Amino acid sequence: MRDKQPAGITILGATGSIGISTLDVVSRHPDRFRVVALTAHRDVETLAAQCRQFLPRYAVMADPAAAEQLEHRLRDAVPDVRVLAGIDALVEMAGLPEVDYVMAAIVGAAGLLPSLEAARKGKHVLLANKEALVMSGALFMQAVRDNNAVLLPIDSEHNALLQCMPDGYTPGTVPPGVCSITLTASGGPFREMPVSKLASVTPEQACAHPNWNMGRKISVDSATMMNKGLEVIEAGWLFDLQAENIRAILHPQSILHSMVEYTDGSVLAQLGNPDMRIPISHALGWPDRIVSGAEPLDMAAIGQLQFSAPDLERFPCLALAFDAWRAGGTAPAILNAANEVAVQAFLERQLAFTEIPRAIDYVMDHCDIQDAGSLDAVLGADARAREWAKGYIKSAPGRVVGT
Ligand code: NAD
Ligand code: MG
């Protein structure tokens, strides 16, 4: 029996794929966790249902009109839930004194300020929002160090890498005895499609990931392999590694989630079914192991695991991300912003799939790289890159056809 009081948790992005999986794990451990705050962008229906089930003290909608609707919905059913709106309230939820754990699962740059606040307030930061780290890695890792925050990656690859690091390892420090890490990537839905057909793929095809059920933005990122590119940068910050010590390989089964190579030639890997409740449980339970609800891994049924090198002609986004990591400063923030705008345009059928890397390349060519030592510098680079990307999209040759 645990004798401790349940720990308070805020879930930023509660209505998304990671948020829903987190609540699933939390619901299995009422002795460990008490939900203090749930947040979302504008999905009133889902957040209202979550509030009825988990009775948080606060519910926040980034969108004020959605917050009004939520308040109306909850008034009679659960009047004790305080409904708030806007970015300031999101940031406040990440720093509440009664909160020990913050699941940072907002998608994209919108998650930067609340994720950073969790680090600044010394929380257990369960980081799914990789874009925050990509944009502002130096500031983020400094905030973690300065405030003794506990940074636990949720991305399955980085969570796997952490599990394979030496005993007592702390993210943000050089891992002793490690010479390289290898991130695995499924290759997404277009891994085998003829390259000549990629220009006409639709958002529906891009979002139909073979192994993982995820939000739309990360699904498109997986299809372009920008997801792996962002993860290279994320790994660089988390494990203090240079580009030449980070590899990415294709592994279509998504069973082996990444590996760490040591100087003696030993390679440690973490395996498991492709179910995000596994890394989420690792981070929620750390340093203990807790039940996740995932199916046990049946290797005999899987039969074989395959690995191959990614084809950079098919996946130019991966090379663009390596270039941005090598360039340093605000280059990753520029890359991330251009990618977010291009992916959104693709999802809205304003841009062809194969134009996504071209848009990013164009923006990288037109934006100056600066030192990323202040939040103003990072946010300024993000804003300028978005303008350049929108300019490119207006004149881009390819749009999505068909439905
Ligand atoms: P999703 O689209 O399913 O959910 C995103 C969540 O963020 C939703 O709750 C949404 O309401 C909220 N949100 C969106 N825009 C917002 C805004 N402007 N302000 C406030 N809240 C906003 O996305 P997801 O798949 O859950 O991914 C979330 C994060 O986790 C992403 O950074 C993604 O890269 C990362 N991640 C996801 C997976 C996965 O399996 N889904 C795996 C690894 C990493
Ligand atoms: Mg991942």
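One table, with the values for the structure above:
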quantity	calculated
5 angstrom amide H check on Ile154, placed H, neighbours 5+ away	Leu127, Ala128
Segment 328-396 - percent relative contact order, Cα under 8 Å, separation 6 or more	48
Whole-angstrom gap from segment 335-373 to segment 278-312, using each part's C-alpha centre	31
For segment 230-268 and segment 104-128, distance of Cα centres in Å	23
Beta bridges by DSSP in the chain, antiparallel share as percent, to the nearest 5	25
Percent accessible area from carbon and sulfur atoms, segment 7-153, protein chains only, probe 1.4 Å	48
Cα gyration tensor, the chain - rounded (a/c under 1.5), prolate or oblate	rounded
Expected 222 nm ellipticity per residue - DSSP helices of 4 or more, -39500 (n - 2.57), all of the chain, to 500	-14000 deg cm²/dmol
Greater than 22 Å apart at Cα, pairs in Lys121/Lys228; Lys130/Lys217; Lys217/Lys394; Lys4/Lys123	Lys121/Lys228
Peptides 88-100, 254-266, 149-161 ordered by average Cβ neighbours within 10 Å, highest first	149-161, 88-100, 254-266
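The values are calculated or read from the model by the stated rules, or taken from the named source; none is laboratory data. Note that the structure is predicted; figures quoted are calculated from it, not measured. As a convention, Cβ positions derive from the backbone with ideal geometry for all residues, glycine included, and neighbour counts pool all protein chains shown. Heads up: the accessible areas ignore ligands, DNA and RNA and are worked out on the full protein's heavy atoms, side chains in. Shrake-Rupley method; radii C 1.70, N 1.55, O 1.52, S 1.80 Å.
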